[in-house]
Amino acid sequence: MRRIYLDNNATTPVLPEVLDAMRPYFEEHFGNASSIHHHGQQTRAAIERARESVADLLGCRAPEIVFTSGGTEGDNLAIFGLAKAGDHVITSTVEHHAVMNACKHLEKKGCEVTSIPVDGRGRVDPDDVKRALRPATKLVTIMTANNETGVLQPVEDIGNVAAEADVYFHTDAVQAAGKISIDVNKFGCDLLTISGHKVHAAQGVGALYVRKGTLLEAMLYGGSHERSRRAGTENVPGIIGLGKAAEIALAALERGDDKKMAVMRDRLERELLQLEATGLNGDGAPRVPNTANIYFDFIEGEALVIALDLKGLAVSTGAACSSGAIEPSHVLTAMGLRPDRARASIRFSLGKQSTPDDVDFALSVVPGTVARLRELSPLYHKAAINS
Ligand SMILES: *Cc1c(COP(=O)(O)O)cnc(C)c1O
């Protein structure tokens, strides 16, 4: 059966060039980067080259990059590395669980947390961040791009607010990396998280940008790896792959591949929105070019995901971590969607491997599947009678 993957916000396939770059670090270049001999030195040099590549993608200097096990660790290191009992932290209501649940835990540790609401398009108002500032505010943590809707936050304005107040600003840019150009100085952030497997590198590796001079407390104690900010023998093949993926992502952005992706995404979106009782979540907001989050009223999103999977199309109801849970998406409800509409929403997310043929395939299976599920839906028939 033909299988088309449009769930790249959950994870992306490792690109062949990335795998080729990684392979020697499982084989002949197996050294521990902390060893003094030839094997260790070779590995050390390769890690430092990867660090340069990641720094180039983010517009920072190589020593400001800390390699991590992924986005979750980067977010946790930024948050717990800075906020201590008595501190106040500002976040938003639409963060990924890696930030949201870390902030919940901060409250148990004696911090106060303010969650800034979003408007109907999913955007935070930087003035709300300004109004939430207190003398005890230590950190603002607000994402760059949302994983469910692709909506971009006004990070530059939030960065300005934080800088004026002399408060640290962390942004989870896991879903922005490779999709829009990132510049930590333009963003005005002190910390920024990325994850390998969202940019066509491997699962289990990521990076945290930490602005020079930021006093970050480590979470792991052991050797002096990563300038004592993250102890533990490095995930060498993962890091080499992330470096390669960063180079590929930067070159693609410079070529304008993001615009090609937006053309494919826009066509998918436009065609699907022709169906009755549908709508775009995040409509009118600036978004990353690969994501479309659409509601199909009168349908359970979970049922649609399963029905489409049987036809060979992989999509998602949003946050992968909440699959199986009956709760509607916290992101969509924060945007003001009714719970039934939030549950009727599906995320389509393209990757570098996606082609116009993949979009054609989606367009060939989604409308019929939606119609069939609606035929089975008593809510749909009731609405038809009432209209
Ligand atoms: C996937 C994701 C994470 C978590 O990254 P992992 O590498 O899977 O731990 C964090 N934030 C956002 C926005 C994500 O999409």
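The values are calculated or read from the model by the stated rules, or taken from the named source; none is laboratory data. These numbers come from a predicted model, not from an experiment. Note that each Cβ is placed from the backbone with ideal geometry, even for glycine, and that neighbours are counted across all protein chains shown. Note: areas computed on protein heavy atoms with side chains; ligands, DNA, RNA excluded. Shrake-Rupley method; radii C 1.70, N 1.55, O 1.52, S 1.80 Å.
A few notes on this one:
- Scanning region 205-228 for residues that are open to solvent by less than 40 Å² (accessible area, probe 1.4 Å), assigned to a loop (DSSP other than H, G, I, E, B) and under 14 Å from G81 (Cβ atoms) yields T214, L216, A218.
- Among residues of region 15-61, those that are β-branched (V, I, T) and within 17 Å of H200 (Cα to Cα), counted: 2
- Residue check for A202: open to solvent by less than 10 Å² (accessible area, probe 1.4 Å) and within 22 Å of the chain's Cα centre (by Cα): no
- The requirement of being within 16 Å of the ligand (Cβ to nearest atom), open to solvent by less than 70 Å² (accessible area, probe 1.4 Å), more than 20 Å from S224 (Cβ to Cβ) and not assigned by TED's automatic domain parsing to the domain that holds L106 is not satisfied by N76.
- Residue within region 119-139 that is under 19 Å from the mean Cα position of the chain (by Cα) and away from the ligand (no atom under 16 Å from the Cβ) present: yes
- For H197: the one exception among (1) within 16 Å of the ligand (Cβ to nearest atom); (2) part of a loop (DSSP other than H, G, I, E, B); (3) open to solvent by 20 Å² or more (accessible area, probe 1.4 Å); (4) not aliphatic (A, V, I, L, M): (2)
- Here the condition is being in contact with a helix residue (DSSP H, G or I) (Cβ under 9 Å, 6 or more places away or on another chain), open to solvent by less than 40 Å² (accessible area, probe 1.4 Å), within 16 Å of the ligand (Cβ to nearest atom) and over 21 Å from G243 (Cβ atoms); of V66, V18, V94, it holds for V94 alone.
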